[in-house]
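**Q** Below is the structure I would like to discuss, written out as C-alpha cells.
The values are calculated or read from the model by the stated rules, or taken from the named source; none is laboratory data. These numbers were taken from a predicted model, which means no experiment stands behind them. Positions of Cβ are generated from backbone atoms using ideal geometry, with glycine treated the same way; all protein chains shown enter the neighbour counts.
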C-alpha cells in the first residue's frame, strides 16, 4: 500500500513538473502577441456588435423596509421625527423598472492599423435623440493585447504588456476547456499598486497557440469595476475573436455620491459602522453587455473619417422597432419595455431634453430664444473705464439655419458714454470638419497686454471681478476675416487676418523710429491650433464631439504683423504656446498643471505684450482687495505691476474630494502654486507709466476652500521670493470663489 501511494505521488509530481508554470505561460503569451492579436496578425477585419446598457439593481438584494427616524436614537428618550420609506419605494420601483436603459448596434472595422466603431443604431430611454456624449463613452479596451489596458477612463499596465512579469504576480489556478480548446486559467494581481495600477483578474490562455481565450479584468477602489471578455476561436484563421463582453460598475470603497453616465449613485462606505444606515441605492450598478457576430477577415475595407474613433450615422437615431427586433440578441423583457415607457414619460413630464439643451447653451453663456441664442455675457458688466456696461447680443442657432449664422452685440458704458458694437456673419463649409468661413467688424475695448488664444471659447462667468479693477484699456476698430476648421485630425484651428485701428485709453505712447505713436494701425495674420492628441472623438450627424478628454493638450498660436499690407505701422511677431494637463481620480481628487509661455519679437506696442493676468487691486489695505478669484490669474500680483515681451509660467493645483462638515457644508480644498519668469526687450520704446519685469521670478501659493455653501468659497494666497513686498499685508490676498452647480 505504501509503495502504491509513493508511486502515485511520484506520478503526480512528474505531471506537475511537466506542466509549465504560470510565468512561463504568460511569457509565451507575450512573445506570441503579434500572431494572436487580430490587430497585429490580420490585414483587416470587420465584426458586428449589439450593446445593451443598464443602470439598475437586483430587487432581491433590497430589503424594502420602512424605518422610523429618531433624533438621539441611543439616548434614554429619543425623539421621533418621521417615517423613512425610501428603501420600500426604491424596491417597488426597481422591481418594475431600471434606472436607465440604452441600446446600440455597431460595426467595428480594422484596416491600415486603425480600429473604428460606426454606430448604426442608437436608442436611449427618455430621449428622442440619444445623448451623443454617453454613446461615445469608452468603458473598456476593445482588445486585451495593448500595452495599456483601459478600464473606465483609467489606463493600467497590461498583464500582457512587455513589462507584465515585473509588475504582476501570476498564479496558475486550473485547466479549463474554452470553446473546445484546453486553456490554463491564470490569476494575476499587481505587485505594487502604484506601478500595476491596482488591476487584477484572470486570464485563460490557449495552451496550443498561447492566445487569450477569455479574460476577466477588475479594479477595486472607490468603485468596483469589472470587465469579462469572452472569445470564440475561428479555426480557418487560427484567431480568437470577441464573442461577448460584460462590463459592470458596482459599489466600492466610497462614502460619496458618484455621477456615472448622467445618473448619481449613492454609496455608503464598505466598512461602515453597524449603527450607520445602509441605503437601497447602495445596490445600484451599471451593466453593459456587448454581443459580437458576423466576423470577417482580410477583406477590402476603406475606413472613412480616420480622425475619429467612432461615428454615428444619421440613420442610426431614427431606427424603428422592426430594426431593433432584428438586431437584439433576445427580446426585451417586460421590465425593459416598462423602463423605456417610464423614462419617456418622465422625460416628457420633466422636459428633460429641453432642460439638457438649455444647460448646454447656458454653460457656453447663452439662453436659446427660438432661432436666436441670447448671449448672457453681453447683458451687464462693470469696469473702471466704462462704469456699468449694459448691452444685448448673441447669435443665431440651428433653428435659424444649419449653414449660415449671424452674430453681434451692442453695449453702452454709463461712465465713458460710448457705444460699442460688433456685427458678423459666417457660412458653414462642411459638417465633418466643422469648418466655417466668416467676417466681422468690431468697435470695442480690450484690456492691454492680455493673452487670448483664438481657439479658446470665451468663458461665461456669472460674476467676474477682474474687469472691475482694470484701469488700462485700448479701443480697437477691427475688421476680421477668418476660417475655423477641424480638418487636421484631433485639432481645432482658427486662421485669420485682421486690420485694426488701436487707440490706448490711458497715458501711453510708443516710440518707433524717432516718432511717438499715441494711436496706430495694425494688420495681423495669425493662426491658432488646439491639438488634443490623446482625446477620442465621436462624429455625429451635426458635429464632432470630444467624448474622452485626455491630457496633455497643446495650444499653439503664431501672429505676424504685415508691414507691407495696407497701412500697418509696425513690424513684429508673437509666438504663444500652452500645455494643459489634468488627472482626475475616481475618489474625487484632481491634479492639474498649466505650462504657458510667449515670445513677442520686433517692435511691439505695450497693448500687445504680456501682463501675466494679475488679479490684485491697487488698494492700501487687505480687506479693500478682497474680490473673486480668477481661474488662472495671479491673485497677489497687482494690476499693471509687471509687463514682459517674453515669459514662461507654471501653475500647479491639487484638489481634494468633497469633505462633509455638516449636511449642507461640503467643501473641497485646492492647493495652488504659481510661478513665472519674464523679461522685456526694447523697454525704452514704452512711455507713460512705470512697471517691473519678471527677470527674478514671481511666486505665490495658496489654499482654496471651494463650495462651502451655495457654490461660494474662500481662498488665501501668499506672495514670496524676490518680488515679495516689504509689508507682510501686501503679500497676502484673500479672495472669494464661486463654483456653479446646475444640478443637471
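**Q** Given the criteria more than 24 Å from the chain's Cα centre (by Cα) and either surrounded by 15 or more Cβ atoms within 10 Å (Cβ to Cβ) or at pLDDT 90 or above (or both), does residue 98 qualify?
**A** yes
**Q** For region 360-387, give me each residue that is in contact (Cβ under 8 Å) with a residue 40 or more places away in the chain and over 23 Å from residue 413 (Cα atoms).
**A** The answer is 362, 363, 364.
**Q** Name the single residue, out of those in region 151-178 being part of a loop (DSSP other than H, G, I, E, B) and free of Cβ contacts under 8 Å to residues at least 60 places away in the same chain, that is nearest to residue 47 (Cα to Cα).
**A** Ranking the candidates gives 158 first.
**Q** Residues in region 172-189: is at least one under 30 Å from residue 545 (Cβ atoms), surrounded by fewer than 17 Cβ atoms within 10 Å (Cβ to Cβ) and either touching a strand residue (DSSP E or B) at 6+ places or on another chain (Cβ under 6 Å) or modelled with pLDDT of 90 or more (or both)?
**A** Within region 172-189, none of the residues are under 30 Å from residue 545 (Cβ atoms), surrounded by fewer than 17 Cβ atoms within 10 Å (Cβ to Cβ) and either touching a strand residue (DSSP E or B) at 6+ places or on another chain (Cβ under 6 Å) or modelled with pLDDT of 90 or more (or both).
**Q** On to the next question. Would you check if there is a residue in region 189-208 being in contact (Cβ under 8 Å) with a residue 40 or more places away in the chain and touching a helix residue (DSSP H, G or I) at 6+ places or on another chain (Cβ under 7 Å)?
**A** Yes, the conditions are met somewhere in region 189-208.
**Q** Could you please give the count of residues in region 661-692 that are in contact (Cβ under 8 Å) with a residue 24 or more places away in the chain and either part of a strand (DSSP E or B) or farther than 25 Å from residue 520 by Cα (or both)?
**A** Number satisfying all stated conditions: 19.
**Q** Additional query: Residue 534 fails exactly one of the following numbered conditions: (1) part of a loop (DSSP other than H, G, I, E, B); (2) more than 19 Å from residue 308 (Cβ to Cβ). What is the number of that condition?
**A** Every condition holds for residue 534 apart from (2).
**Q** Then there is this: Any idea which residue in region 712-732 is surrounded by the fewest Cβ atoms within 10 Å (Cβ to Cβ), counting only those that are in contact with a strand residue (DSSP E or B) (Cβ under 9 Å, 6 or more places away or on another chain) and part of a loop (DSSP other than H, G, I, E, B)?
**A** 722
**Q** Go through the residues of region 440-459 one by one and say whether even a single one is over 32 Å from the mean Cα position of the chain (by Cα) and farther than 19 Å from residue 386 by Cα.
**A** Yes, some residue in region 440-459 is over 32 Å from the mean Cα position of the chain (by Cα) and farther than 19 Å from residue 386 by Cα.
**Q** Give the residue that is modelled with the lowest pLDDT, with candidates limited to residues of region 306-335 that are assigned to a loop (DSSP other than H, G, I, E, B) and loosely packed, with under 15 Cβ neighbours inside 10 Å.
**A** 306
**Q** Given the criteria over 30 Å from residue 625 (Cβ atoms), modelled with pLDDT of 90 or more and assigned by TED's automatic domain parsing to the domain that holds residue 540, does residue 447 qualify?
**A** So residue 447 fails the test.
**Q** Looking at region 131-150, which of its residues are closer than 30 Å to residue 541 by Cβ and assigned to a strand (DSSP E or B)?
**A** Hits for region 131-150 are 140, 150.
**Q** Quick one: which residue in 413, 408, 370, 394 is under 30 Å from residue 686 (Cα atoms) and outside the structural domain of residue 500 (by TED's automatic domain parsing)?
**A** It is 413.
**Q** Quick one: would you say residue 617 is touching a helix residue (DSSP H, G or I) at 6+ places or on another chain (Cβ under 6 Å), in the same structural domain as residue 509 (by TED's automatic domain parsing), crowded, with 16+ Cβ neighbours inside 10 Å and within 18 Å of residue 734 (Cβ to Cβ)?
**A** yes
**Q** Also, I was wondering about something else. Which number in (1) in contact (Cβ under 8 Å) with a residue 60 or more places away in the chain; (2) over 20 Å from residue 526 (Cβ atoms); (3) surrounded by 15 or more Cβ atoms within 10 Å (Cβ to Cβ) marks the one condition that residue 398 misses?
**A** That leaves (3) as the condition not met.
**Q** Have a look at 218, 201 and point out the one that is crowded, with 22+ Cβ neighbours inside 10 Å, modelled with pLDDT under 95, in the same structural domain as residue 31 (by TED's automatic domain parsing) and within 16 Å of residue 139 (Cβ to Cβ).
**A** Residue meeting the stated conditions: 201.
**Q** Being surrounded by 15 or more Cβ atoms within 10 Å (Cβ to Cβ), touching a residue at least 60 places away in the same chain (Cβ under 8 Å) and within 26 Å of the chain's Cα centre (by Cα) narrows it down to one residue among 301, 352; which is it?
**A** 352
**Q** Does region 518-530 include one or more residues that are out of contact with any strand residue (DSSP E or B) (no Cβ under 8 Å at 6 or more places or on another chain) and surrounded by fewer than 18 Cβ atoms within 10 Å (Cβ to Cβ)?
**A** no
**Q** Just to check your reading of the model, which residue among 486, 466 is in contact (Cβ under 8 Å) with a residue 40 or more places away in the chain and within 29 Å of residue 641 (Cβ to Cβ)?
**A** So the residue among 486, 466 that is in contact (Cβ under 8 Å) with a residue 40 or more places away in the chain and within 29 Å of residue 641 (Cβ to Cβ) is 466.
**Q** Another question, then. Assigned to a strand (DSSP E or B) and crowded, with 19+ Cβ neighbours inside 10 Å, is that true of residue 116?
**A** Against the criterion (assigned to a strand (DSSP E or B) and crowded, with 19+ Cβ neighbours inside 10 Å), residue 116 qualifies.
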